[in-house]
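Notes follow the structure.
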Amino acid sequence: MQFPMSEEQIKEVKSGFYKIRKIPNVVGASDGTLIPIINPIENEEAYICRKGFHVLNVQAVVNH
């Protein structure tokens, strides 16, 4: 993953997001989700989410 560095790259990414959703001045998007898993054998407590079940926390970062 590489953040756009030049003015040209930044304009290209902003344009891509604008074409998709008509949102101006966006150069990246980030979101996360919890993926339920079977209780792990080791470090079980490390996988318990705030809702009380076992998960993997997955985050995605994208450009257009």
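The values are calculated or read from the model by the stated rules, or taken from the named source; none is laboratory data. Note that the coordinates shown come from a computational prediction; the quantities given were computed from them, not determined experimentally. Every residue, glycine among them, receives a Cβ derived from its backbone with ideal geometry; neighbour counts consider all protein chains shown.
List every residue pair whose Cβ atoms lie under 9 Å apart, where the two residues are 6 or more positions apart in sequence or sit on different chains, the first residue falls within the stretch 40-64 and is touching a residue at least 60 places away in the same chain (Cβ under 8 Å), and the second residue, located anywhere, is surrounded by 10 or more Cβ atoms within 10 Å (Cβ to Cβ) and part of a loop (DSSP other than H, G, I, E, B).
Val61/Gly28
What are the residues in the stretch 29-64 that are over 24 Å from Ile10 (Cβ atoms), of a type in the set (A, V, I, L, M) and out of contact with any Gly (no Cβ under 7 Å at 6 or more places or on another chain), if any?
Within the stretch 29-64, Leu34, Ile35, Ile37, Ile38, Ile41, Ala46, Ile48, Val55, Leu56 qualify.
Tell me which residues, restricted to the stretch 1-56, are assigned to a loop (DSSP other than H, G, I, E, B) and of a type in the set (Gly, Ala, Ser). Break it down into steps so the answer makes sense when it comes.
Let us first name the residues in the stretch 1-56 that are assigned to a loop (DSSP other than H, G, I, E, B), namely 1-6, 22-28, 37-43, 49-53.
Residues satisfying the conditions are Ser6, Gly28, Gly52.
Each row is one residue, and each column tells you yes or no for (1) among the hydroxyl-bearing types (Ser, Thr, Tyr); (2) in contact with a Phe, Trp or Tyr (Cβ under 9 Å, 6 or more places away or on another chain); (3) at pLDDT 95 or above.
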position	(1), (2), (3)
Pro4	no, no, no
Glu8	no, no, yes
Val27	no, yes, no
Ser30	yes, no, no
Val62	no, no, no
